[in-house]
Amino acid sequence: MLNNYIIKEKKAVFICLTICLLLIIPIILSGSIYIDDNTRVIRHFNWTGDGRFLANYFFEILSLGNGVLDYYPWTNILSSLIIGFSSIIIAYSLNIKGTTNIILICSGMMSSPFILSNLSYRFDSIIMAISFTVAIIPFIFYSNIKKFFIVSYCCLLISSYLYQPSVSAFVCMAIVYSTYLMNSIKCILKTLSLSAIVFSLSIITFFIINNINGGVDRSELFFHSDNPIGILEYNLNRSAQLIFWSSNGITKIIYLIASIAFISSCIKTAIKSLSFVFIYIFSLFSIIILSFILNSVLLSPWFTSRTMICFPFVVTYCFLLFIKNFNLSIKLKNIFSTITVFCSLIFCSIYANALSSQDSLNRVYFSKIMSKVDGDIKKLAVYGEQPRPREFVRANSVYPLLDNIVPNYMKRGSGWAQVYLHRNSSRFRMITMQEQEQIFKESCGNGVWNNGELFDYKVFKNVLIISFSGQFCK
């Protein structure tokens, strides 16, 4: 039983949860209202349109039916603890014992640079964490195939209606489970086949229910495009770019340690069976692809780090193979865990400081924008892109992933500028990007541009138009 396992391994559980708390502290101290948090406040939960109606129900229950209430920082803290607890579930499912082994798994789960984005949301963080953890729970029951099938089907539906990208965790866990515990290719294929069947059934059910309810926003697949191959290639390149961006600075050390663990395991396994080495390599690449493929096959995906919620399985898988093949290497495992956690904490602090500096600069620009607003001005249109703070620029030169996980709301083509302004001042009415482009077209050559300290600006009808780029009619 899981509760007996937790009691027996209480030292490891305590250390794992402590690591999770340490990781979330810099994010909490930044105090950022992060991306979607802006729109949750002014548009209510708004998850139903994305097919995430269980997320709506979760917060309605949490608020006792009182709608949008902000539980920061507790939602962020709990989300970190839940992700950390998922590593305990993985260890229990694989029958892994010992403080050193469990901590190594936890350090792998919390090492992903992408996970920081998931943990930063005041509202979505806890939903994404629950969705991720629910997706891997079924493997606790794998010894009973019937129970595993039923629990998997239910958990995958729950996970889908909380946060769709998390369902990849089920497939990743199936790969991990089969290659860690099974000692023959036949057993591996049996586990993967059973998992594939229940996964397919749950996804089909998910789409059927959504179609009955009117469909889901942004759910069209790439082959609905006039150029499906081009769209898929573009999406895959953007996803790969995120992964390459994540491997810079101190995060390179995490990937290096994971590589050492993986290569060492392959070398030791090669002495016994070359076929299993190929299985390990194929499995690792499969997990990497699974971390982004669900987003990449969409026609209009969001290329944000939050969709990479299953990427922690990559490093974790490497560590699990090391645990399997080097059970007595306690000191080396402790070194791996210590360095991985240290690097994760360092990157988290850099991220949180960059996020805080961006928020501070946002407030300066918002204040300047409000100083130009008078009369009947109800809308704002933005040319160019708001400059980044110096702290961010320095950090981003080392960690390019920060450009993706630290949002810059004030830029042309981003609806988040409108959301940010509307949240901070009820004066502004939100406009679509199509409406903004029409404003640019109609205002070109009309009105006088004024030179400001931070941006140029002019008033056109009831719209304040600001330019960071110095280009006014392009």
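Every number here is computed from the coordinates shown, using simple stated rules; none is lab data. These figures come from a predicted structure and were not determined experimentally. Positions of Cβ are backbone-derived with ideal geometry, glycine not excepted, and every protein chain shown enters the neighbour counts.
For the chain, what proportion of DSSP beta bridges, expressed in % and rounded to the nearest 5, is antiparallel?
65
Please determine, in degrees from 0 to 90 and to the nearest 10, the orientation of helix 74-93 with respect to the longest principal axis defined by the Cα atoms of the chain, where the helix direction is its Cα long axis.
The helix 74-93 is inclined about 20 degrees to the chain.
Going by Cα centres, segment 180-201 and segment 334-362 are how many Å apart?
The two parts, judged by their Cα centres, are 37 Å apart.
Return the whole-Å distance between the Cα centroid of segment 1-61 and the Cα centroid of segment 385-420.
24
So for the pair residue 221, residue 247, with labels modelled 7 Å out along Cα→Cβ, what separation do we get in nm?
2.9
Ranked by Cβ crowding within 10 angstrom, fewest neighbours first, how are 374, 124 ordered?
Lowest count first: 374, 124.
What FRET efficiency comes out for the pair residue 3/residue 331, r = Cβ-Cβ distance, R0 = 30 Å, nearest 0.05?
0.45
Helix 185-212 sits at what angle to the longest principal axis of the chain, using alpha carbons and giving 0 to 90 degrees rounded to 10?
Orientation of helix 185-212: about 30 degrees from the principal axis.
Can you check how the C-alpha radius of gyration of segment 363-467 compares to 2.2 N^0.38 Å, as a plain ratio?
After normalising by residue count via 2.2 N^0.38 Å, the value is 1.11.
With no solvent and one equal point scatterer placed on each C-alpha of the chain, evaluate the Debye formula and give log10 I(q)/I(0) for q = 0.08, 0.11, 0.13 Å⁻¹, two decimals.
Here the Debye-derived log intensity ratios amount to -0.52, -0.94, -1.26.
Quick one: if you stick a label point 7 Å off each Cα along the C-beta vector at residue 260 and residue 190, how many nm between them?
Distance between the two pseudo-spin positions: 3.8 nm.
Which order do the peptides 75-82, 253-260, 59-66 take when ranked by the mean count of other beta-carbon atoms within 10 Å per residue, highest first?
Top of the packing list down: 75-82, 253-260, 59-66.
Go ahead and run the numbers for FRET between residue 366 and residue 70, Cβ-Cβ distance against an R0 of 25 Å, rounding to 0.05.
After rounding, the FRET efficiency stands at 0.80.
At 7 Å along the Cα-to-beta-carbon direction for both residue 473 and residue 349, put a label point, then send me their distance in nm to one decimal.
With each label placed 7 Å out from Cα toward Cβ, I get 5.3 nm.
For residue 273 and residue 207 in one chain, what is 0.36 nm times their gap in residues minus the Cα-Cα distance, to one decimal in nm?
Net length gain for the segment: 19.6 nm.
How long are the semi-axes of the equivalent ellipsoid of segment 123-205, defined as square roots of 5 times the Cα gyration tensor eigenvalues? Whole Å, largest first.
Over the Cα atoms of segment 123-205, the ellipsoid semi-axes are 23, 13, 10 Å.
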